[in-house]
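Notes for the one structure printed next.
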Amino acid sequence: MDNPYKVGDRVLAARAQDGQNHEEATVVDAYTLIMGPEERPMVCVEFPDGERVYLQANGDDVQTVALEEPEAVPDGFDDEVAAVDEDAPGGG
């Protein structure tokens with residue numbers, strides 16, 4: 001089983017390993033724990049205060065941080081650009 005995370009990824013992680021109260025953390029180690037025929041993707045995450053927690057990567061304790069959406073273009077911005085283009089030499 002492949003690990004969905006890699007070192008350096010920003011994630012939301014549950015310190016108490018209860019699948020709740022997630023906080024932002026950084027993956028500092030990602031590996032596969034092999035126990036006989038069973039394989040588990042694991043991560044070690046570090047919180048901003050320096051605490052490290054080992055978590056199963058495919059459980060409820062670790063979640064991907066949602067990517068920030070780009071800022072929306074303010075209303076009327078396209079109109080301002082068109083007006084500037086019309087004023088330019090050789091503009092429409």
Could you please tell me which pairs satisfy a Cβ distance under 6 Å, a separation of 6+ or placement on different chains, a first residue in segment 53-66 that is in contact (Cβ under 8 Å) with a residue 12 or more places away in the chain, and a second residue that is in a strand (DSSP E or B) and of a type in the set (K, R)? Q56/R40; V65/R10
Residue check, V65 in contact with an Asp or Glu (Cβ under 9 Å, 6 or more places away or on another chain), modelled with pLDDT under 95 and aliphatic (A, V, I, L, M): yes
Please specify each residue of segment 18-31 satisfying the condition of being more than 12 Å from Q63 (Cα to Cα) and modelled with pLDDT under 95. D18
For segment 2-21, which positions are part of a strand (DSSP E or B) and crowded, with 17+ Cβ neighbours inside 10 Å? V11, A13, A14
Of the criteria (1) within 13 Å of N3 (Cβ to Cβ); (2) surrounded by 13 or more Cβ atoms within 10 Å (Cβ to Cβ); (3) of a type in the set (V, I, T), which one T32 fails: (2)
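The values are calculated or read from the model by the stated rules, or taken from the named source; none is laboratory data. On a predicted model such as this, the values are computed, not experimentally measured, just so you know. All Cβ positions, glycine included, derive from the backbone under ideal geometry; neighbour counts span all protein chains shown.
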